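> This is the structure I have questions about; it appears just below.
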Amino acid sequence: MVSQLNKLLVLMLFAVPALAQETTTEVEPIITESTVTSNTSTTLKSPPPSAISPTINTSNSDLCTFGVAGAIQTQILGISTGTQITDDNCEMLKNAKTLYDMGMKVAAVSVMCQDQRVFNAMLNAGTPCPYNGLIGDEARAAWETNGEMEPVELEEEEKSLTTDQKTLVGSSVVAGVLLLLLL
């Protein structure tokens, strides 16, 4: 009985898969359609070109000039400018020192006397500035008779702009107006 039961179990085990293979069910195929649309754009962002001011080298201590430079840059236009401005007081001091080093002391004092402050200091010290080769009391008498030859005070000189300063101011105004137009 056990052997028949075993045969039945073995038969069932192999028969069920065989029956399953024989039965076919019809499955409809699934068809999917997909459309991919890609719209890409690339934007390259880079900094605008730079307006670079010219370098004006005044590192030599023997020069009596200094550089002034500036630049304005917008997205469209860049402007740069530069100039050198001469320091007249520095030139006067260097000229006086050079004359003094060459042994020309009266000429050196005469150069320094072109400054109103030095002129007044010399008068207050009792040693007036040289006048046309005259020194001492003779120079004092010559200065008293020709007072219009005295050096001009600094305030009067500072009121008028030099050519370099006018150029620098004009360039700045033009650059500012152009910048406003571009905005």
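> To make sure I understand, if each residue's beta carbon is the centre and we count other beta carbons within 10 Å, what order do TYR100, TYR131 fall in, fewest to most?
Taking fewest neighbouring Cβ atoms as first place, the list is TYR100, TYR131.
> Figure the gain on full extension for LEU123 and THR86 (residue separation times 0.36 nm, minus the Cα-Cα span) and round it to one decimal in nm.
Here the answer is 10.4 nm.
> Quick one: net charge around LYS97, please, counting Lys, Arg +1 and Asp, Glu -1 for every other residue with C-beta under 12 Å from its C-beta.
Neighbourhood net charge equals -1.
> To the nearest 20 debye, what is the magnitude of the charge dipole of segment 88-155 about its Cα centre, counting +1 on the Cβ of each Lys and Arg and -1 on the Cβ of each Asp and Glu?
340 debye
> Residues with beta-carbon under 15 Å from that of ALA108, excluding ALA108: net charge, scoring Lys, Arg +1 and Asp, Glu -1?
Spelling it out: positives minus negatives among the neighbours equals 0.
> Then there's this: Given the options VAL118, ALA96, PRO128, identify the residue whose Cα lies farthest towards the positive end of the charge dipole of segment 88-155 (+1 on Cβ of Lys, Arg; -1 on Cβ of Asp, Glu).
Value: ALA96.
> Go ahead and run the numbers for FRET between GLU150 and ALA69, Cβ-Cβ distance against an R0 of 41 Å, rounding to 0.05.
Calculated value: 0.60.
Readers should treat all values here as calculations from the given coordinates under stated rules, not as data from a laboratory. If you're wondering where the values come from, they're calculated on a predicted model, not measured in any experiment. Heads up, the Cβs are rebuilt from the backbone with ideal geometry, glycines too, and the neighbour counts pull from every protein chain shown.
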